[in-house]
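**Q** To start, I am sharing the structure in question, which I have written as structure tokens.
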Amino acid sequence: MRITGLQPQANNPDRISIFVDEHFLMGVNTLLVLKMGLRLGQELTPAQVQQLEDEEALQKAVDRAMNYLSFRPRSREEVRRYLKQKQTPLELIDAVIERLNQLDLINDESFASFWIESRERFRPKGAQAIKNELKMKGVKREVIDEVVTGEQDEELALRAGRKKAQSLLRQPDMDYNAFRTKLGPFLQRRGFSYEVTKRVAQQLWEESSQGPVEDDEDFSS
């Protein structure tokens, strides 16, 4: 098989159409043509054709993964699951993950930090909820334990609960017992601990000028 044509594709100049013996063989990424040193008049062996097919399949899978990553950072396991959903052969998935690692496009430590920052900005949650989310996204426990500390839980609970508290305080005849009974489960569903929830409920009540509450109030009652 002799290469008789190497033509940039009209709709995608980053891809080259390869012709052998005057017949179209396949389209491949321009970088692959350069990598293999393909040229007009070159004789292609069956092994080289197989290499072209394998490399092209890998590049397509990498491109698919990079498109998935273009919307937001992803964990390594998220990328792996996505490729499986797209019926990507398992041997190709491992190669794609390795390629993305080399390009530093997937990094679970960076992803976990991104996830925490995103939650803090748009939907504050407690440390336990964040840990559960990262675990579901396939981040390893040692990475989660390193980046999720819970040190800001009280501040985040105040931010998460303030709008809810304002809504509750507009209800007629709202007393502290009813206030904390409704606010507490709201905060706990967001992963904040009992102690943090209790302190935040007290602080938000006092912020509303409703007066102080007793420190020994039992939140669970």
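**Q** Any idea what the relative contact order of the chain is, in percent, if you count C-alpha pairs under 8 Å spaced at least 6 apart?
**A** Relative contact order comes out at 13 percent.
**Q** Could you please state how large a percent of the accessible area of the stretch 8-69 is carbon and sulfur, counting protein chains only and using a 1.4 Å probe?
**A** 54
**Q** Round to the nearest 0.05 the FRET efficiency obtained for Gln50 and Arg81 when R0 = 22 Å and r is the Cβ-Cβ distance.
**A** E(calc), rounded to 0.05, equals 0.15.
**Q** How many percent of the accessible area of the stretch 144-206 is carbon or sulfur, using a 1.4 Å probe? Display every interim value, and only then the final one.
**A** Values: 1500 of 3420 Å².
Exposed carbon and sulfur together represent 44 percent of the surface.
**Q** Fully extended, how many nm does the chain gain between Asp104 and Thr149 (0.36 nm per residue separation, minus their Cα-Cα distance)?
**A** Separation in residues times 0.36 nm, less the Cα-Cα distance, equals 13.7 nm.
**Q** Just Ala47, Ala160, Ala95 to compare: in a GNM of the chain, with alpha carbon springs under 10 Å, which one fluctuates most?
**A** Judging by the Gaussian network model, the answer is Ala47.
**Q** What number comes out for accessible area per residue over the chain if the probe is 1.4 Å? Units Å², please.
**A** In whole numbers, the chain has 59 Å² accessible per residue.
**Q** Let me ask another. Only helical DSSP H runs with n ≥ 4 go in: add -39500 (n - 2.57) per run for the chain, normalise by residue count and round the 222 nm mean residue ellipticity to 500 deg cm²/dmol.
**A** Rounded to the nearest 500, the figure is -19000 deg cm²/dmol.
**Q** Additional query: Under 10 Å, Cα contacts only: if you run a Gaussian network model on the chain, which one of Glu78, Glu43, Glu120 comes out with the highest mean-square fluctuation?
**A** Per the Cα network of the chain with a 10 Å cutoff, Glu43 tops the list.
**Q** May I ask for the longest run of the chain untouched by trypsin sites (Lys or Arg not before Pro) that are loop-located per DSSP and have at most 10 neighbouring C-beta atoms (other than their own) within 10 Å? Walk me through the intermediate numbers first.
**A** Working: sites that count: Arg39, Arg170.
With trypsin sites (Lys or Arg not before Pro) excluded where exposed in loops, the chain gives 40-169 as its longest stretch.
**Q** While we're on this one: Please report, in debye to the nearest 20, how large the charge dipole of the chain is about its Cα centre when each Lys and Arg carries +1 at its beta carbon and each Asp and Glu carries -1 there.
**A** 760
**Q** A further question on this structure: Modelling each spin label as a point 7 Å along the Cα-to-Cβ direction, I'd like the Arg159/Ser113 distance in nm, to one decimal.
**A** 1.8
**Q** Gap in Å between the Cα centre of the stretch 9-70 and the Cα centre of the stretch 145-204?
**A** 57
The values are calculated or read from the model by the stated rules, or taken from the named source; none is laboratory data. Given the structure is predicted, the values throughout are model-derived calculations rather than measurements. When we count neighbours, we look across all protein chains shown, and the Cβ atoms used for this are built from the backbone with ideal geometry, even at glycine. Just the protein is used for accessible areas: all its heavy atoms, side chains included, with ligands, DNA and RNA removed. Shrake-Rupley method; radii C 1.70, N 1.55, O 1.52, S 1.80 Å.
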